[in-house]
Amino acid sequence: MMNETTPTNLFGDIVKLLEQYKLPGIDIAAIIEMRRKDIEALMTANRVALEGAQSVGQKQVEILRSTLDQLSSLIQQATASGSMTEKTTKTGELVQQVLQRALENMRELAETAYKSQSDTYAVLTKRIQENLDEARALLGPEK
């Protein structure tokens, strides 16, 4: 039977294949280490992106709950006793407050998404810079 391919044994197979070919002037171990670091950076970036998406999702749930609570309160207050003018004025003020809070929540949600994207980008940018530094080192010392 054939072995099932997994990321771990696939990486091991690639290492074995590359080690068979000893090319002069090329450090296979360094190249393999660079690829391992690339994979780690992608895993970190994926984790950061997932955490950001979860944070945005949680914030959306909080906003929905808050809005529903506010609307429920608004309905109760609008149906409370008082003259029609007072009810209309109260309702207008409450609607304005709910809309203002909703806009504040939307701003916070956008900031959370932006931070998540920035963090993910920073992880990938760092690895790209490391890749360039490692490639320069493999090509030889600068003169």
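Leu50 meets each of the listed conditions (1) modelled with pLDDT under 80; (2) out of contact with any helix residue (DSSP H, G or I) (no Cβ under 7 Å at 6 or more places or on another chain) apart from (1). Among the numbered conditions (1) surrounded by 13 or more Cβ atoms within 10 Å (Cβ to Cβ); (2) closer than 30 Å to Leu132 by Cβ; (3) modelled with pLDDT of 85 or more, the only one that Glu62 does not meet is (2).
Scanning segment 117-126 for any residue that is within 28 Å of Asp13 (Cβ to Cβ), in a helix (DSSP H, G or I), at pLDDT 85 or above and hydrophobic (A, V, I, L, M, F, W, C) turns up at least one such residue. Inspection of segment 26-42 identifies at least one residue that is part of a loop (DSSP other than H, G, I, E, B) and not acidic (Asp, Glu).
Got at least one residue in segment 2-19 being loosely packed, with under 12 Cβ neighbours inside 10 Å, closer than 27 Å to Ala135 by Cβ and either at pLDDT 85 or above or β-branched (Val, Ile, Thr) (or both)? The answer is yes; a qualifying residue exists.
The values are calculated or read from the model by the stated rules, or taken from the named source; none is laboratory data. Bear in mind the structure is a predicted one, so any value in this text is a computation, not a measurement. Here the Cβ is made from the backbone with ideal geometry for all residues, glycine too, and neighbour counts use every protein chain on show.
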